[in-house]
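S.K.: Before I ask anything, let me first share the structure, which is written out below as structure tokens.
Bear in mind these aren't lab numbers, they're just calculated from the coordinates by the rules spelled out. It should be emphasised that the depicted structure is a prediction, and the values quoted were computed from it without experimental measurement. Every residue, glycine as well, gets a Cβ built from its backbone with ideal geometry; the counts of neighbours run over all protein chains shown.
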Amino acid sequence: MHTRTWNVTVNLYEHEDSTRAEAILHTDAGPDLRHEATARRHPGDRDVPEIGDELAACRALSGLAHALLDATIADVAANDPSGGEPHISAVSADPAPAADAS
């Protein structure tokens, strides 16, 4: 079995009432993928910097996931000899079992 390691770096930049997050995927397969996102504290909210960090990071990571899916779809299309439309789903083929609601 061959194992590869991909790393994600999340940089957080705080300025006054806003936090910007930059998520970067480092792979050995090509250029890094990046996505940036921002969270702003509402003037009426308490000053809890961790919340801004979490929200900005969540948004950046979500955007990074979508960018990776878009890159995958483009790679599949570029390598499909039939030239057909790629059939890729963002949802796993083996979803986790639902929690018992009883």
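S.K.: Per-residue ellipticity at 222 nm for the chain, helices alone: DSSP H runs ≥ 4 residues times -39500 (n - 2.57), over residue total, nearest 500 deg cm²/dmol?
M.R.: -10500 deg cm²/dmol
S.K.: Packing-wise, with mean Cβ within 10 Å as the measure, how do 23-33, 43-53 rank, highest first?
M.R.: 23-33, 43-53
S.K.: May I pose another question? Using a Förster distance of 22 Å, how high is the FRET efficiency between ARG46 and ASN11, based on the Cβ-Cβ distance and rounded to 0.05?
M.R.: Calculated value: 0.35.
S.K.: For the chain, take the longest principal axis of its alpha carbons; what is the angle in degrees between that and the long axis of helix 49-78, to the nearest 10 within 0 to 90?
M.R.: Here the helix axis deviates by roughly 20 degrees.
S.K.: Using alpha-carbon pairs under 8 Å, 6+ residues apart, how would you state the relative contact order of the chain in percent?
M.R.: 20
S.K.: Please state, as a whole number in µm²/s, the translational diffusion coefficient that the Stokes-Einstein equation yields for region 7-78 at 4 °C and 1.567 mPa s, with Rh defined as the Kirkwood radius across alpha carbon pairs.
M.R.: It diffuses with D of about 99 µm²/s by this estimate.
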